[in-house]
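Worksheet: the structure to be examined is printed underneath.
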Amino acid sequence: MKRIVLLRHGESLWNQENKFTGWTDVDLSPKGIQEAIKAGDLLKEKGFVFDKAYTSYLKRAIKTQNYVLDRLDQDWIPVEKNWRLNGALQGLNKSTTAARYGDEQVLIWRRSYDIPAPALSPEDPRNPRFDPRYKDVPPALLPETESLKDTVERILPYWKEEIFPSLTHIDQILVTAHGNSLRGIIKYLKNISDEDIVGLNLPTAVPYVFDFDNDLRLINDYFLGDPEEIKKLMEAVAKQGQKK
C-alpha cells in the first residue's frame, strides 16, 4: 500500500487572533506547537514511517512538520519546500471583516471556488514580489489575491509533476501545508465539486490519510483521531469567518 498524509499546520498566532493569514509568514502559537506534537505522537502510535516530506515556504508549516518529524524520530528524511504549497485578505480580523461586509460575503471570499478577495496593491509591502524567498519565481505567478480556483491551478502542477509521482518509488509521504492548498489537493483527489468544496473545513494539525493501491488508485481516506473531537474542530473552523 502507498500513503500520503496531508497535514494542515498547527494553529498560528494569527489563527489565534482570528486574522486572515494568506502568504504572511506568521509563526505557530503555543497551542499550535502542542497540536503539532500531538499529531506527531499520533502518527508514531499508528506506525507511520515516511520516506519523504513536502512543505511550503512559510514557517508555520515548516515548524509544524519539524515538530512532527522530531516526534517520529524521522528528522533525517528528505524534505522539499516549494512556494506552490503556500496557503489575499491579510491581516484583517475575520469577525470584524464579517461585521463590515457580512457573513455571506466573507464566506464567499474564504470558501467560494472562483471569487477572490480584493487584491493587494502592487506597491503593498505585503505583496509577495517584495519577499526575497520568491526571487526566483516569475513575477506573473505571484498572486495579489487568490480564489480557491487560483490555488488549485497553483498547486496541481507541483502535485502532478513532483509529489504524486514520488509514490512510484517510495511508499509514504507527508505533506504539511495550508488550508486552501490542501483543499485544492483534496478536491482533485476526491473529485469534489466546486460547490461542495466550500463546505470542507480542515482542522489544524489533524493528519488526513490517503491510501493508494500499488497502481496508485485511491482506495481509502480518513482523518486520524477521535471522530467526535475532529467534528468539533471542523465546526470551529467553519465559524471563524462569522461576525460575533
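Bear in mind these aren't lab numbers, they're just calculated from the coordinates by the rules spelled out. Nothing here was measured: the structure is a model prediction, and the numbers come from that model. Note that each Cβ is placed from the backbone with ideal geometry, even for glycine, and that neighbours are counted across all protein chains shown.
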I'd like to verify a number: residues in region 147-201 that are surrounded by fewer than 15 Cβ atoms within 10 Å (Cβ to Cβ), among the hydrophobic types (A, V, I, L, M, F, W, C) and assigned to a helix (DSSP H, G or I), how many? 0
Output for region 121-137, where each listed residue is under 30 Å from Ile192 (Cα atoms) and part of a loop (DSSP other than H, G, I, E, B): Val137
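Being touching a strand residue (DSSP E or B) at 6+ places or on another chain (Cβ under 9 Å) and among the small types (Gly, Ala, Ser) narrows it down to one residue among Ser147, Ser193, Ser166; which is it?
Details: Ser147 fails: touching a strand residue (DSSP E or B) at 6+ places or on another chain (Cβ under 9 Å); Ser193 fails: touching a strand residue (DSSP E or B) at 6+ places or on another chain (Cβ under 9 Å).
After ruling out the rest, the residue left standing is Ser166.
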